[in-house]
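Worksheet: one structure, shown below.
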Ligand code: 3NM
């Protein structure tokens with residue numbers, strides 16, 4: 001995994017859109033997303049074979065376009081569909097356990113909110129960090145209060161060198177501020193999944209990043 005892969009990191013589960021998730025993913029890929037995370041969580045989230053089946057379909061779409069496919073917080077599913085990566089939160093399966101269970105080729109991302117969490121993840125071999133919420137978000141039901149782009153700046157100053165993607169409430173108006181603070185990319189759900197024109201929203205976000 002390179003820093004380029006997380007430049008425009010799109011996350012979606014079936015409940016983040018009123019449309020067909022396959023179509024949304026295809027349109028987002030056309031707009032230039034560089035990475036995709038399947039995050040099936042919250043109200044009306046799929047489980048069991050329905051979750052597995054959607055993961056496989058979205059994985060196939062990603063693969064046919066050379067876009068890395070990452071599974072959120074479900075090691076069994078990530079292994080079953082041979083995902084390119086797995087993302088875990090601080091309260092999910094520990095990094096040590098994820099590393100023990102997953103092949104070395106599978107990259108591992110972890111959410112970090114504080115310098116201590118970021119350094120700990122770096123020391124334990126995380127491949128990238130998701131830092132947030134940058135701004136207030138209504139997409140994640142249990143999101144904490146925003147920490148702002150300065151949290152990324154402070155992590156960089158404290159010696160965190162692994163790739164960082166900012167997350168939470170990011171849109172066209174604030175994406176550049178997150179990058180300027182030291183992020184290698186931005187991670188979004190609603191700015192893409194709920195956009196009236198998904199391809200144009202993705203392309204437009206990407207233009208703000210470089
Ligand atoms: N994780 P949107 S915020 C999935 O702070 C997620 O770790 C967050 O959705 C964190 O782009 C968040 O619609 C929701 O704000 C991101």
Discussion item. Need the C-alpha centroid separation for the stretch 1-71 versus the stretch 146-210, integer Å.
Written reply: 18 Å
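Fewest first, what order do 9, 135 take by the number of other Cβ atoms within 10 Å? Please list the in-between numbers first.
Details: 9 25, 135 19.
In order of increasing Cβ crowding within 10 Å: 135, 9.
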Worksheet item: If you stretched the chain out fully between residue 114 and residue 100, how much longer would it get, using 0.36 nm times the residue separation minus the C-alpha to C-alpha distance?
Response: 2.6 nm
Worksheet item: How far apart, in nm, are the 7 Å Cα→Cβ label points at residue 60 and residue 203?
Response: 2.7 nm
Discussion item. Can you sort 35, 62, 102 from fewest to most other Cβ atoms within 10 Å of each residue's own Cβ?
Written reply: 102, 62, 35
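Normalising by the residue count of the stretch 3-207, find the relative contact order in percent from Cα pairs under 8 Å and 6+ residues apart. List each step's numbers first, then the result.
Details: 397 pairs, mean separation 49.2, N = 205.
Relative contact order comes out at 24 percent.
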Worksheet item: Under the Kirkwood approximation for Rh and a Cα-based Rg, what ratio Rg/Rh is obtained for the chain?
Response: 0.93
Worksheet item: Each label point is 7 Å from the Cα along the Cα-to-Cβ direction; what then is the distance between the points at residue 76 and residue 157, in nm?
Response: 4.5 nm
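Would you calculate, for the chain, the mean residue ellipticity at 222 nm contributed by helices, counting each DSSP H stretch of 4 or more residues as -39,500 (n - 2.57) and dividing by all residues, to the nearest 500? Could you put the intermediate results ahead of the total?
On the way: 9 runs with 78 residues, N = 210.
Here the helix-only value at 222 nm equals -10500 deg cm²/dmol.
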Item to complete: Treat each spin label as a single point 7 Å out from the Cα along the C-beta direction, and report the residue 93 to residue 210 distance in nm.
Response: 3.5 nm
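Readers should treat all values here as calculations from the given coordinates under stated rules, not as data from a laboratory. Given the structure is predicted, the values throughout are model-derived calculations rather than measurements. Please note: Cβ atoms are built from the backbone with ideal geometry, for glycine as well, and neighbour counts cover all protein chains shown.
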